[in-house]
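Engineer: Okay, handing you the structure first.
The values are calculated or read from the model by the stated rules, or taken from the named source; none is laboratory data. Since we're looking at a predicted model, the values are computed, not measured. With ideal geometry, Cβ positions are generated from the backbone for all residues, glycine too; neighbour counts draw on all protein chains shown. These area figures cover heavy atoms from the full protein model, side chains too; ligands, DNA and RNA do not enter into them. Shrake-Rupley method; radii C 1.70, N 1.55, O 1.52, S 1.80 Å.
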Amino acid sequence: MNESKFLKIAKEAALQAGKVIMNYYGKDHKLRFKTDNSDFATQADLEAEKVIVDIIRKNFPSHNIIAEEKVRIDNNSEYTWAIDPVDGTISFASNMPFFSVSIGLLKNNEPIVGIIYHVEEKDLYFAEKGKGAFLNGTKISVSKTNQLDRAVIGLGIGTITRRKAKLKDYFDPLLNKVLSVYILGGGAVTMALVARGSLDAFPNEAWVWDQAAAGVIIPEAGGRISDRFGNPVDWSAERAEFICSNGLIHDAILEVLKR
């Protein structure tokens, strides 16, 4: 694969952030709470974000950046980097391995480069638009499950303020329609598992920095990503509902989730 500078720098940033994160993994954490006691950041989040942002700003000083913890840079560029330095902070802080670095690059609000680095497993998922999706250099593809009742899907319930709504909107309608449901605690890792074919789908609601990387990785792996009505995801919105799947069961999920 002939990699662009965009992808090479995104890989470097993710791997360097991963080193920072692993320095804190398994240790006690000082938590910085945001909206409620299930929504917080650790020192690893903050330091990993700084590492990523510094690398991107050095190489692409004119680009926009939106990152989960605190960085907002608007240079009126056609390029925007969407960064989650530790997606799955609760998993990370609880010493569970379902956390990752997620870095997506959007051009005119369309994902063109994506990196999901499953740090503890040292699994680097990446894709560029039109060039396929890869895991540690090996091309990957979505599953071939074509029946909803044989599907294994991921779900996320999020922070306390959103859990009841998420259970009502996603869990309850699909519970008796699919073979099995997994809640792993890290949205980007779950989306990466859809791209590699381990999971068949993942309906969710998330911030753009959670899902921008998957917005290119999943389609390049042969899957599909849309909003819950089958329309293209609005990548200009900071938060949006979305369905990602292997494509074969996508319409069946949309039908079940109709309001």
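Engineer: Of the cross-linked pairs LYS8/LYS50; LYS107/LYS168; LYS11/LYS122; LYS19/LYS131; LYS58/LYS107, which ones have a Cα-Cα span greater than 23 Å in the structure shown?
Structural biologist: On the way: LYS8/LYS50 18 Å; LYS107/LYS168 34 Å; LYS11/LYS122 12 Å; LYS19/LYS131 27 Å; LYS58/LYS107 19 Å.
With Cα atoms farther than 23 Å apart: LYS107/LYS168; LYS19/LYS131.
Engineer: While we're here: Treat each spin label as a single point 7 Å out from the Cα along the C-beta direction, and report the SER180 to ARG72 distance in nm.
Structural biologist: If labels sit at SER180 and ARG72, their model points lie 4.2 nm apart.
Engineer: Tell me the label-point distance for the pair LYS19, ASN136, using the 7 Å Cα-to-Cβ offset, in nm and rounded to one decimal.
Structural biologist: The two pseudo-label positions are separated by 2.0 nm.
Engineer: I've got another one for you. Please compute the contact order of segment 52-169 in relative form: average sequence separation of alpha-carbon pairs under 8 Å and at least six residues apart, divided by the residue count, as a percent. Mind dumping the intermediate values first?
Structural biologist: Working: 179 pairs, mean separation 14.3, N = 118.
After rounding, I find 12 percent.
Engineer: Here's a follow-up. Mind giving me the FRET efficiency for PHE171 and GLU121? R0 is 45 Å, r the Cβ-Cβ distance, nearest 0.05 is fine. Let's see the in-between values first.
Structural biologist: On the way: r = 26 Å, r/R0 = 0.58.
Result of the calculation: an efficiency of 0.95.
Engineer: Just want the answer: with Cβ charges of +1 for Lys and Arg and -1 for Asp and Glu, which residue in ILE115, GLY104, ALA82 is farthest toward the dipole's positive end in the chain?
Structural biologist: Going by the Cα projections, it comes out as ILE115.
Engineer: As a test of reading the structure, rank SER62, SER245 by solvent-accessible area (1.4 Å probe, protein chains only), most first.
Structural biologist: Values: SER62 75, SER245 0 Å².
So the residues, ranked largest to smallest area, are SER62, SER245.
Engineer: Okay, next question. Read through the labelled values (1) -1.25; (2) -0.89; (3) -1.03 and report the label of the one computed as log10 I(q)/I(0) by the Debye sum over Cα atoms at q = 0.14 Å⁻¹ from the structure.
Structural biologist: (2)
Engineer: From largest accessible area down, sort SER77, SER198; use a 1.4 Å probe on the protein chains. Can you show the working numbers first?
Structural biologist: Numbers: SER77 30, SER198 65 Å².
Greatest to least solvent exposure: SER198, SER77.
Engineer: Given Cα pairs under 8 Å that are at least 6 residues apart, what percent is the relative contact order of segment 152-259? Working shown, then result.
Structural biologist: Working: 174 pairs, mean separation 29.6, N = 108.
Relative contact order here is 27 percent.
Engineer: I've got another one for you. Can you run phi through the Karplus equation (6.51, -1.76, 1.60; θ = phi - 60°) for segment 171-183 and list ³J(HN,Hα) in whole Hz, with x for Gly and Pro?
Structural biologist: Each residue's phi maps through the Karplus curve to give 6, 4, x, 9, 3, 9, 9, 10, 5, 7, 10, 10, 10 Hz.
Engineer: Okay, next question. Please compute the modelled spin-label separation between GLU3 and LYS58, points set 7 Å along Cα→Cβ, answer in nm with one decimal.
Structural biologist: 1.6 nm
Engineer: Using Cα pairs under 8 angstrom and six or more residues apart, how large is the relative contact order of segment 209-253, in percent? Intermediate results must be reported in sequence, preceding the final value.
Structural biologist: On the way: 45 pairs, mean separation 15.7, N = 45.
The value is 35 percent.
Engineer: Heavy atoms only, probe 1.4 angstrom, no DNA, RNA or ligands counted: give me VAL113, VAL20 ranked by accessible area, highest first. Could the numbers behind the result be given before it?
Structural biologist: Numbers: VAL113 0, VAL20 25 Å².
Accessible-area ranking of VAL113, VAL20, largest first: VAL20, VAL113.
Engineer: To the nearest 10 Å², what's PHE229's accessible area with a 1.4 Å probe?
Structural biologist: That residue has around 130 Å² of solvent-accessible surface.
Engineer: Let me ask you something else. With charges set only on the Cβ (+1 for Lys and Arg, -1 for Asp and Glu), what does the dipole of segment 113-259 come to about its Cα centre, in debye to the nearest 20? Please report the intermediate quantities before stating the final value.
Structural biologist: Working: 18 positive and 17 negative charges, 42 e Å.
Magnitude of the dipole: close to 200 debye.
Engineer: What percentage of the solvent-accessible surface of the chain, computed with a 1.4 Å probe over protein heavy atoms, is contributed by carbon and sulfur atoms?
Structural biologist: Details: 5630 of 11580 Å².
C and S atoms contribute 49 percent here.
Engineer: Give the accessible surface of the chain per residue, rounded to a whole number of Å², with probe radius 1.4 Å and ligands, DNA and RNA excluded. Write out the running numbers ahead of the final one.
Structural biologist: Details: 11580 Å² over 259 residues.
Spelled out: the 1.4 Å probe surface of the chain, per residue, equals 45 Å².
Engineer: In square angstrom, rounded to the nearest 10, how much accessible surface does ILE9 have for a 1.4 Å probe?
Structural biologist: Accessible surface of ILE9 is approximately 20 Å².
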